[in-house]
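K.L.:
One structure follows; several queries about it will come next.
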Amino acid sequence: MATTAFYSNKDEIYNTYLGSDLGFTYTPESTTFKVWAPSAEQVLLKLYSTGSFYEEGAQVLGIKQMLFDAVTGVWSATIDGDLNKIYYTYVIKTEKGTHETQDVYSKAVGVNSQRSEVVDMASTNPEGWENDRHVLPDRQTDAIVWEIHVRDFSSSDTSGVSREHRGKFLAFTEKNTVIPYTNFPTCVNYLKQLGITHVQLNPVFDFGSVNEITGVEYNWGYDPVNYNVPEGSYSTDPYHGEVRIREFKEMVKALHDEGIGVIMDVVYNHVYSTEYSPFERTVPGYYFRMQNGKFLNSSGCGNVTATDKVMFRRFMVDSLRYWAEEYHIDGFRFDLMACHDIDTMNEIRAELDKIDKRILMYGEPWTANDGENGISGEDCCNKANAKKLSTRIGMFNDDMRHGIKGGSDDDSKGFIQGSTHSAYNVIAGMMGASSVTFGNWANEPSQCVTYVSAHDNLTLWDKILKSNWCDDFDTTDSLYISQNKLASVLVLGSLGISFMLAGEEFARTKHGDHNSYKSPDSVNSINWTRAVRYKELMEYYKGLIKIRKSFSPIRDNTTKAVNDGYIVYNGQSISLTVKNDNENEWRMMSVIINNSDHACVPQFKSQYDMPSGWYVIADAETAGDKAIRKFDPFANIPPRSALIIVDAESYEKINGVPTFEEPVREIGLNIAKDIIR
C-alpha cells in the first residue's frame, strides 16, 4: 500500500509518493503508467510506434488524458492490450509551460533517449539468468577493484575481440580472447589470470554526450539522462531499448560466471541538461537545489540534484535497488558523493542491506564546487563526516593518493619518487585511515579506498614520467618501473579496499592527457600489447594480489589489524607489520618500503615481537604467495624497492618447507628508534 508524506522547502509544499510503482507496470493484458507531478495542471500520455521521430514508420498510436490523485500527487492511466515494445512520453503542462518528456522512471528508451519504452523485462533475461548470482565479498575490504570504461576495454585492435563487439557490452562475453597472432590473454580472459575481484565500470547508464546513432564521439559518460536505462552506444542496436537491456545483462552474467563482481559508477549528483531533463520538465524547480531562482552548481556541471528532498532521495533509493535486483549489480561507486547528504546515503545503505549487506558502496568524498552545494557542511558526505556514515560506505583516500605520487597532474613528487614530506599521509593510509595516532577520518578500514590512480587525471605511469621529466611513454627505464612497483605495494599491501585504474599494472599511458573525458579512442583505449611489453610489472601486480588474498588481516575491515599491528618509520623506510589469529594462514607479515635512492637495512619495532625466522615472498623483482628465499636481516633493501616477509614457522605449516637451499644466518634485528603505532 502506498504511503504519503509531506516535504516543505521554502515556498514548496508537495505531497510525496512513496509507492514502488512509478513508471510503467506491464502485463500482457494491460499497462499502467504513473508519474509524480503534483504541480502539473494537465498530463497527457502519448504512445508511439518508434523510439524517435525520424525513424521509418514513426507514428502516434494514441493520446490519453491521465487522472490526478491530489492526495499523492500522482497522475495515472491504464491502457488495455499488450504494449510490449511500444514507446511513450508524457506531455506535462505546468505554470512554466507545456513540455513533452520521457519518464523520470524510464526502464528503456529509444535511440538518443527521445522516448521511453514499455518492455516486458522478463523477456530481456539471457539464458541462465535465473541462476545468476551476485559476486559479493564477505568483507568490503576483500574487494580488489579494477576500474574500466566499457569502450576502452575492447575498442583497440589489440583486444582480440570480434569487430562487431568492440567497445560494446558484449565484448565482456567473449571468452579466451588473446592479442592477435599471440596466445597472450586479453579482456576477461586476462582479468581471470590477473586475479582482481571486481570491475568498476565507468558510467553505463544512459548519458547524453554521445550520439547513439553514429557512436563516433567519445565520452566517459558523466552526463546522465536516464538513470535506470543502460547506455545505447554500448549496445549493438541502440534503436530498440530491449536490446541494450539484454546485452547489459549478458555482460554482467559473463563476468559473474568468471567469479568477477560488477560495480557501477553512478552519477546522481547532476544531470546532463537541466532544461531538458525529465526531472525539470516533470516537476519544475523541485529536483534540483536552487537559490534565488538560480540552479546551484556544486557538481561543476550546471546543476546539483536535491538528495535532501524526499522525492529525489526516494528516486535514488528506488534506482539503486532496481540496478541491484534487476541487473544483479554488486556494488556502487558514487561520483562527487559530497554533493549528497548523509541521511540519503545511510538510507541507501539500509535499503541495499535488505537485498544483501555485502553489496559494495563507496564514493568520492568531495564536490566540484563546495560553495554551491546547498546543504550544510555538517550534512554532506565528505571525509570530515565519515564517522556519521555507515562503516560500509567507503571513501577514496586522496590523502594517500597524493602521499604516494604527489599532485595528480603536476610534476611534484610523492613517496614513491623519494619525497619524505608525504610519509605520514602514506603511513596513515597504510593503516586504513583508522589509526588514532596518525588521523582516523575513517571509522574502520572498510571506509578507506586505497588507490593511486583512476580515470581522472594523469595515469600513474604518465604521472611518474612527468615527475621525472621524461616524455618517452614507452620507456622501460628501471627507475620508473620501480616507482610503479612501490605504488602497487602501497595499494595492495595496505589496509582498506584496494582500487586501481585498468592498465595501471602494465604502465598504461594516455600520452600525458590528464583529462581524457572526450579524447579519442587513440588516447583512451587499452593497448593490450603493453601487458606484454611490461609483463614483469604486470606479474608483480599479480603476485601482490595473491599475497593480499592469502593474508586476511591485510583485508581486515575492522580496527583489529590496526590495533594489533604497528608501523615503524625511520625517515627512509616504512615497515608495516600485521599479526594474524587465523591458524590456516601465515601468522605475521611485514611490508617494508625503501623509497630512497640508496640501500637501507630494514627496521622493526622489537626483536621480541618477531618470530625467529622469516621468508621473503616479495622483493624488488618478484612477488607472490611462495617463498623466494630466506630473509637475511643483515642484507640491505635495494633503493626504491619493497620487501614483504612472513614468519617461517607458519609459512612451513601452511605451504611446506621451501625447496631452495640457502645458508641461514642468526637473526639480529635492528631496533628502530622512531617507533610509530
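The values are calculated or read from the model by the stated rules, or taken from the named source; none is laboratory data. Everything numeric here is computed off the predicted structure, so don't read it as measured data. Cβ sites come from the backbone with ideal geometry, for glycine too, and all protein chains shown count toward neighbours.
K.L.:
Which residue pairs have Cβ atoms closer than 6 Å, lie 6 or more positions apart in sequence or on different chains, and pair a first residue in the range 21-43 that is touching a residue at least 40 places away in the same chain (Cβ under 8 Å) with a second residue that is of a type in the set (G, A, S)?
P.N.:
F33/A77; K34/S76; W36/G73; P38/G73; V43/A37
K.L.:
Of K85, K96, which residue is at pLDDT below 95 and of a type in the set (K, R)?
P.N.:
Among K85, K96, only K96 is at pLDDT below 95 and of a type in the set (K, R).
K.L.:
Can you spot a residue in the range 141-150 that is out of contact with any strand residue (DSSP E or B) (no Cβ under 7 Å at 6 or more places or on another chain) and within 20 Å of N219 (Cβ to Cβ)?
P.N.:
Yes, that holds for at least one residue.
K.L.:
Just to be sure, is N269 buried (at least 23 other Cβ atoms within 10 Å of the Cβ) and at pLDDT 95 or above? Before you say what the answer is, go through the steps one by one.
P.N.:
Numbers: buried (at least 23 other Cβ atoms within 10 Å of the Cβ): yes; at pLDDT 95 or above: yes.
So N269 passes the test.
K.L.:
Residue by residue through the range 489-525, note down the ones that are on the phi > 0 side of the Ramachandran plot and surrounded by 24 or more Cβ atoms within 10 Å (Cβ to Cβ).
P.N.:
Step one: filter the range 489-525 for residues on the phi > 0 side of the Ramachandran plot, giving 496, 503, 507, 511-512.
Selection gives G496, G503, A507.
K.L.:
Could we say that F334 is within 24 Å of L255 (Cα to Cα) and assigned by TED's automatic domain parsing to the domain that holds M431 here?
P.N.:
yes
K.L.:
Another question, then. What number goes with the only condition from (1) at negative phi; (2) in contact (Cβ under 8 Å) with a residue 60 or more places away in the chain; (3) more than 25 Å from the chain's Cα centre (by Cα) that W528 does not pass?
P.N.:
Failing condition for W528: (3).
K.L.:
Hey, F499 hits all of (1) assigned by TED's automatic domain parsing to the domain that holds M430; (2) of a type in the set (A, V, I, L, M, F, W, C); (3) in a helix (DSSP H, G or I) but one; which does it fall short on?
P.N.:
Evaluating F499 over (1) assigned by TED's automatic domain parsing to the domain that holds M430; (2) of a type in the set (A, V, I, L, M, F, W, C); (3) in a helix (DSSP H, G or I) leaves (3) as the failure.
K.L.:
Could you tell me whether any residue of the range 620-636 is of a type outside the set (A, V, I, L, M), within 20 Å of I427 (Cα to Cα), touching a strand residue (DSSP E or B) at 6+ places or on another chain (Cβ under 8 Å) and surrounded by fewer than 23 Cβ atoms within 10 Å (Cβ to Cβ)?
P.N.:
Checking the range 620-636: not a single residue is of a type outside the set (A, V, I, L, M), within 20 Å of I427 (Cα to Cα), touching a strand residue (DSSP E or B) at 6+ places or on another chain (Cβ under 8 Å) and surrounded by fewer than 23 Cβ atoms within 10 Å (Cβ to Cβ).
K.L.:
From Y268, Y286, grab the single residue that is closer than 22 Å to V204 by Cα, assigned to a loop (DSSP other than H, G, I, E, B) and not aliphatic (A, V, I, L, M).
P.N.:
None of the others qualify; the one that does is Y268.
K.L.:
If you go through the range 379-392 one residue at a time, do you hit one that is of a type in the set (V, I, T), surrounded by 21 or more Cβ atoms within 10 Å (Cβ to Cβ) and in the same structural domain as L336 (by TED's automatic domain parsing)?
P.N.:
no
K.L.:
Looking at A531, A487, can you tell me which residue is of a type outside the set (D, E), more than 28 Å from L360 (Cα to Cα) and not in a loop (DSSP other than H, G, I, E, B)?
P.N.:
Matching residue, one of A531, A487: A531.
K.L.:
Related question: When you go through (1) of a type in the set (A, V, I, L, M, F, W, C); (2) assigned to a loop (DSSP other than H, G, I, E, B); (3) in contact (Cβ under 8 Å) with a residue 40 or more places away in the chain; (4) out of contact with any His (no Cβ under 9 Å at 6 or more places or on another chain) one by one for C470, which number turns out not to apply?
P.N.:
Of the numbered conditions (1) of a type in the set (A, V, I, L, M, F, W, C); (2) assigned to a loop (DSSP other than H, G, I, E, B); (3) in contact (Cβ under 8 Å) with a residue 40 or more places away in the chain; (4) out of contact with any His (no Cβ under 9 Å at 6 or more places or on another chain), the odd one out for C470 is (3).
K.L.:
To continue, here is another question. Working only within the range 560-619, note down all residues that are among the small types (G, A, S) and either in a strand (DSSP E or B) or at pLDDT 90 or above (or both). Reasoning before the result, please.
P.N.:
Here is the first cut: in the range 560-619, the residues among the small types (G, A, S) are 561, 565, 571, 573, 575, 590, 596, 599, 606, 612-613, 618.
Listed by number, the residues that qualify are A561, S573, S575, S590, S596, A599, A618.
K.L.:
Considering only residues that are within 38 Å of the chain's Cα centre (by Cα) and without any contact (Cβ under 8 Å) to a residue 40 or more places away in the chain, which ones fall in the range 622-640?
P.N.:
Scanning the range 622-640 gives K626, A627, I628, R629, F631.
K.L.:
So which residues in the range 183-228 are within 29 Å of F506 (Cα to Cα), without any contact (Cβ under 8 Å) to a residue 60 or more places away in the chain and part of a strand (DSSP E or B)?
P.N.:
P185
K.L.:
Report, by residue number, each residue of the range 413-436 that is of a type in the set (S, T, N, Q) and touching a Lys or Arg at 6+ places or on another chain (Cβ under 6 Å). Talk me through it step by step, then tell me what you get.
P.N.:
Going residue by residue through the range 413-436, those that are of a type in the set (S, T, N, Q) are 417, 419-420, 422, 425, 434-435.
Scanning the range 413-436 gives a single hit, S419.
K.L.:
Counting only residues that are outside any loop (DSSP other than H, G, I, E, B), within 35 Å of the chain's Cα centre (by Cα) and not polar (S, T, N, Q), how many does the range 79-106 have?
P.N.:
Matching residues across the range 79-106 total 4.
K.L.:
Then there is this: Is it the case that the range 323-338 has a residue that's closer than 24 Å to A37 by Cα, touching a helix residue (DSSP H, G or I) at 6+ places or on another chain (Cβ under 9 Å) and either in contact (Cβ under 8 Å) with a residue 24 or more places away in the chain or of a type in the set (K, R) (or both)?
P.N.:
no
K.L.:
For the range 640-659, which positions are part of a loop (DSSP other than H, G, I, E, B) and under 17 Å from S488 (Cβ atoms)?
P.N.:
R640
K.L.:
Same structure again: Any residue in the range 90-111 that is not assigned by TED's automatic domain parsing to the domain that holds L22 sitting within a Cβ distance under 8 Å of a residue that is modelled with pLDDT under 95? List the pairs, counting only those 6 or more apart or interchain.
P.N.:
Once the first residue is not assigned by TED's automatic domain parsing to the domain that holds L22 and sits in the range 90-111, no partner that is modelled with pLDDT under 95 comes close enough.
K.L.:
Within the range 388-424, can you find the residues that are of a type outside the set (A, V, I, L, M), modelled with pLDDT under 95 and part of a helix (DSSP H, G or I)?
P.N.:
Within the range 388-424, just Y424 meets the criteria.
K.L.:
Return the only residue of E275, E250, E242 being farther than 27 Å from P137 by Cα and assigned to a helix (DSSP H, G or I).
P.N.:
E242
K.L.:
Consider Y566 against the criteria (1) crowded, with 17+ Cβ neighbours inside 10 Å; (2) under 23 Å from the mean Cα position of the chain (by Cα); (3) hydroxyl-bearing (S, T, Y): it satisfies all of them except one. Which criterion is unmet?
P.N.:
Looking at each condition in turn, Y566 falls short on (2).
K.L.:
Out of S482, S498, S519, S494, report the one residue that is in contact (Cβ under 8 Å) with a residue 24 or more places away in the chain, closer than 21 Å to V188 by Cα and not aliphatic (A, V, I, L, M).
P.N.:
Among S482, S498, S519, S494, only S498 is in contact (Cβ under 8 Å) with a residue 24 or more places away in the chain, closer than 21 Å to V188 by Cα and not aliphatic (A, V, I, L, M).
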